[in-house]
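Worksheet: the structure to be examined is printed underneath.
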Amino acid sequence: MFIEQPPLFYRVLFPECVWRLHRKRKCVYLTFDDGPIPEITPWVLDTLDHYGVKATFFCVGDNVRKYPELFEEIKRRGHNVGNHTMNHLQGIKVTSRRYLRNVLEAHRYIKSPLFRPPHGLLRWAQASVLREHFTIVMYDLVTRDYSNKLTGEQVLKNVKRYTRKGSIIVFHDSLKAEKNMKYALPRAIEWLQSKGYSFERIKPQE
């Protein structure tokens, strides 16, 4: 549970970050990390189109640099985008100076006021600087689609178990998550729709 749904004490450590939105409304926020890549992202976009769902993509700057047309396609289809650093850096493993420079390098390509730290890990000092320029978006539910220890069925079970009003849900448009995500995503959308949830994009300063 501590992975799938961040505990209260961790949320309290970073009160300036967005963990969950609109708790009284029956809506959720689908998000996708680590793309865009041509092997996975187009499938995600087509799946979202099929269900009439809009999402928010937190993009790695180097992937945007390599696949600018795919990045533009995400936006063209009506989804929001956010910064996920230039090289998927974990803030706690590098100096704050290096981390912040990496985020700003990614901003040159992504140009979004939304930012999500890879793995949800960063230092207080980094968060303090970043919140002056970005809305820092964390999550209420990590599906763990990237885990080779879980099946697609278990990933779907995580969605059913932990989703609640206002949940920010994380999937991954990555090769590592491909098998589980392709199984769980359409079934998760169908289940959420059957339970009366609507889908919204994340906007700055919500």
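The values are calculated or read from the model by the stated rules, or taken from the named source; none is laboratory data. What you see is a predicted model, and the numbers here were worked out from it, not measured in a lab. Using ideal geometry, Cβ is built from the backbone for each residue, glycine included, and neighbour counts are taken over all protein chains shown. Calculation scope for accessible area: heavy atoms of the full protein, side chains included, ligands and nucleic acids excluded. Shrake-Rupley method; radii C 1.70, N 1.55, O 1.52, S 1.80 Å.
Observations on the model:
- A straight chain from residue 90 to residue 123 at 0.36 nm per residue would run longer than the Cα-Cα distance by 10.9 nm.
- Proximal aspartates and glutamates to residue 179, defined as alpha-carbon separation beneath 17 angstrom and excluding residues fewer than eight positions away on the same chain: 33, 34, 39, 46, 145, 153
- Put a plus charge on the Cβ of each Lys and Arg, a minus charge on the Cβ of each Asp and Glu, and nothing anywhere else: the dipole of region 57-159 about its Cα centre is then about 300 debye.
- Within the accessible area of the chain, the carbon and sulfur atoms contribute 52%, probe 1.4 Å, all protein chains present.
- Separation in nanometres of the label points that stand 7 Å from Cα toward Cβ, at residue 98 and residue 164: 3.8
- Potential extension, residue 51-residue 13 segment - 0.36 nm per residue separation minus Cα distance: 10.0 nm
- Each Cα pair of region 133-206 feeds into the Kirkwood radius, which the Stokes-Einstein equation turns, at 4 °C and 1.567 mPa s, into a diffusion coefficient of 100 µm²/s.
- When each of 26/111; 157/195; 54/157; 24/160 is checked by Cα-Cα distance, pairs over 20 Å: 26/111; 54/157
- Cα centre as origin, Lys/Arg/Asp/Glu Cβ charges: region 129-183 dipole, Debye: 300
- Under the convention that each Lys and Arg Cβ holds +1 and each Asp and Glu Cβ holds -1, the size of the dipole of the chain around its Cα centre is about 680 debye.
- Per residue accessible area in Å² of region 52-201, where ligands, DNA and RNA are left out and the probe is 1.4 Å: 46
- Label point distance in nm, residue 73-residue 43, each placed 7 Å from Cα along Cα→Cβ: 1.4
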